[in-house]
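K.L.:
Provided herewith is a single structure, encoded as structure tokens, for subsequent inquiry.
Readers should treat all values here as calculations from the given coordinates under stated rules, not as data from a laboratory. Model, not experiment: these values are computed from the prediction. Virtual Cβ from ideal backbone geometry, glycine too; neighbours counted across all protein chains shown.
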Amino acid sequence: MSDNDTDDVRTDGSGTGIVSPDDETPAWSERKERTQGLSRLTYEYFERARREDQDLRQQSDYVERDVLAFPAWPHEMMRNIALTSFFVGMILFVSATLPPEMPNPANSGVTPAIILPDWYLYWSFGLLKLGPLNPELSILGGSKLMADRTYGVLANVVVVGFVAIVPFLNKGSARRPVEQPFWAAVGMSGVIFSLTIAALSIKNLVPMDSHLLFDLTFLVPIISATITYAVLKTMREGYMFDLNRRYYRLRPPK
Amino acid sequence: MADEFMKGFACLMVGGLGWMTIKGWYNTPSFEGAQLTGELTIEEPTTFDQIALFMGDAFFWFAVLGALTFWVVLPLISEFQTYLNERSA
């Protein structure tokens, strides 16, 4: 095929420049010689695609660009079609085998006993129930500065504002939670808080003392953040060691 | 290792999907109430019903045992073998 498979190492800069650091590490040519199963098939597929791409570039009049990618058709599209077929098939299967019951239409003339938003808005609904946190100021003679409902709306503004600020506080250069345990812990506490505040919004349905639930709403996120920080901080050394060994020593994964 | 995880996950998903389907047919009396774990909805099972009920149990144990096999048992065996090899070496 190409003459890159020969064993001589060229030092004039014309080769790939990748030299095995020791005897254990397989060279690219050795890795290509995987002869069985999926690895062989994958290699042949991508090698053929690369070869076709190379031939097309050499035949065309366009200036050759240094682009490391595969064309959308067929490579990307085949994957997308496979994924789409899977999910469409799942929809058809579930809707055919387990069709949902269609109950009577809602009676718009009667107010339901329990008024709740859709489940994905429970967190916002729970923030409206933070009345116990509304401080009673002694300077105002024990009265509150604002009504509980105003306080709940302001709590929404504060939470949404904090979520909007986070990208500016941390630019997010880390690609894995283990690289920045503190920010992973902040994110984890946010996720847990969104769950606990959602549980608070349906506190009459939760089998728990509502005062205890109110306290847990704010305690559980802090506890989970602490655990996340501790675990990731402990994991970090071993994890980064594995990562460095994989990327810098170029050992093939098993 | 990733392959072993995927095999166990495939067992769990295929078995869980089949179990959910059978239980949705035979063990879900109404939309509001016990889902998939309710009482049997038929009085006298025919042969096909008996086959389906057996398949529901088979799917359930396929999901549980498949995931356990690929996530716990086989890794334990391979770990044990490497331990034995290191010990003998």
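K.L.:
Within region B:23-47, whose backbone N sits under 18 Å from a point 7 Å along Cα→Cβ of A:Glu101?
P.N.:
B:23-43
K.L.:
Give the relative contact order (percent, whole number) for chain B; include only Cα pairs under 8 Å separated by 6+ residues. Working shown, then result.
P.N.:
Working: 75 pairs, mean separation 34.7, N = 89.
Across chain B, relative contact order equals 39 percent.
K.L.:
Sticking with this one: Quickly rank A:214-226, A:94-106 as a protection proxy: mean count of other C-beta atoms within 10 Å, highest first. If you can, show how the numbers build up before the last one.
P.N.:
Details: A:214-226: 16.3, A:94-106: 9.3.
In descending order of packing, they fall as A:214-226, A:94-106.
K.L.:
Averaging sequence separations of C-alpha pairs under 8 Å and six or more residues apart, then dividing by the length of region A:119-248, give the relative contact order as a whole percent. Don't skip to the answer; put the middle values down first.
P.N.:
Details: 111 pairs, mean separation 37.5, N = 130.
Once divided by the residue count of region A:119-248, the mean separation gives 29 percent.
K.L.:
Let me ask another. Suppose each label sits 7 Å from its Cα in the direction of the beta carbon; what would the A:Ile222-B:Phe54 distance come out to in nanometres?
P.N.:
Output for this residue pair reads 5.9 nm.
K.L.:
Return the average number of partner chain Cβ atoms within 10 angstrom of each residue Cβ along peptide B:11-22. Mind showing how you got there, number by number?
P.N.:
Details: counts 0, 0, 0, 0, 0, 0, 4, 1, 0, 3, 5, 1.
Averaged over the peptide's residues, the number is 1.
K.L.:
Now a separate question. Would you tell me the mean number of C-beta atoms belonging to other protein chains that fall within 10 Å of each C-beta in A:93-103, as a whole number?
P.N.:
On the way: counts 2, 4, 0, 1, 7, 7, 1, 1, 4, 1, 2.
If you average over the peptide's residues, the count of other-chain Cβ atoms is 3.
K.L.:
If you keep only loop residues by DSSP, which chymotrypsin sites (Phe, Trp or Tyr not before Pro) in chain B have at most 14 other Cβ atoms within 10 Å of their Cβ? Walk me through the numbers on the way to the answer.
P.N.:
Working: sites: B:Phe5, B:Phe9, B:Trp19, B:Trp25, B:Tyr26, B:Phe31, B:Phe48, B:Phe54, B:Phe59, B:Phe60, B:Trp61, B:Phe62, B:Phe70, B:Trp71, B:Phe80, B:Tyr83; in loops: B:Phe31.
For chymotrypsin sites (Phe, Trp or Tyr not before Pro) across chain B that sit outside H, G, I, E and B with at most 14 neighbouring Cβ atoms in 10 Å, the list reads B:Phe31.
K.L.:
Provide the FRET efficiency to the nearest 0.05 for the A:Tyr120-B:Glu39 pair, computing r from the beta carbons and using R0 = 30 Å.
P.N.:
Details: r = 33 Å, r/R0 = 1.08.
The pair A:Tyr120/B:Glu39 has a calculated efficiency of 0.40.
K.L.:
In addition: Put a dot 7 Å past each Cα toward the Cβ at B:Met13 and A:His211; how far apart are the dots in nm?
P.N.:
Computed distance between label sites A:His211 and B:Met13 equals 4.8 nm.
K.L.:
Let me ask another. Estimate the FRET efficiency between A:Lys233 and A:Asn170 by the formula 1/(1 + (r/R0)^6), using the beta-carbon distance for r and 22 Å for R0, to the nearest 0.05.
P.N.:
Values: r = 17 Å, r/R0 = 0.76.
The computed FRET efficiency comes out at 0.85.
K.L.:
For A:Ser138 and A:Ala82, what does the FRET efficiency come to when R0 = 56 Å and r is the distance between their Cβ atoms, rounded to the nearest 0.05? Display every interim value, and only then the final one.
P.N.:
Values: r = 67 Å, r/R0 = 1.19.
That pair, A:Ser138 with A:Ala82, gives E of 0.25.
K.L.:
Using a 10 Å cut-off on Cβ atoms, rank the peptides A:53-59, A:179-185 from the highest mean neighbour count down. Show your work: numbers first, answer last.
P.N.:
Values: A:53-59: 11.0, A:179-185: 18.0.
With the highest mean Cβ count within 10 Å placed first, the list reads A:179-185, A:53-59.
K.L.:
Residue by residue through region B:56-70, what is 3J(HN,Hα) from phi via Karplus (6.51 cos²θ - 1.76 cosθ + 1.60, θ = phi - 60°)? Round to whole Hz and write x for glycine and proline.
P.N.:
Karplus values, whole Hz, x for Gly and Pro: x, 5, 4, 4, 4, 6, 4, 5, 5, 5, x, 5, 4, 4, 7.
K.L.:
Related question: What does the charge add up to near B:Leu53, with Lys and Arg as +1, Asp and Glu as -1, over the other residues with Cβ less than 15 Å from its Cβ? Mind dumping the intermediate values first?
P.N.:
Numbers: positive: B:Lys23; negative: B:Glu39, B:Glu43, B:Glu44, B:Asp49, B:Asp57.
Residues near B:Leu53 contribute -4 overall.
K.L.:
Using the per-residue mean of other Cβ atoms lying within 10 Å as a proxy for protection, in what order, highest first, do the peptides B:37-45, A:194-202, A:158-166 fall?
P.N.:
Values: B:37-45: 9.7, A:194-202: 19.1, A:158-166: 11.4.
Top to bottom by mean Cβ count within 10 Å: A:194-202, A:158-166, B:37-45.
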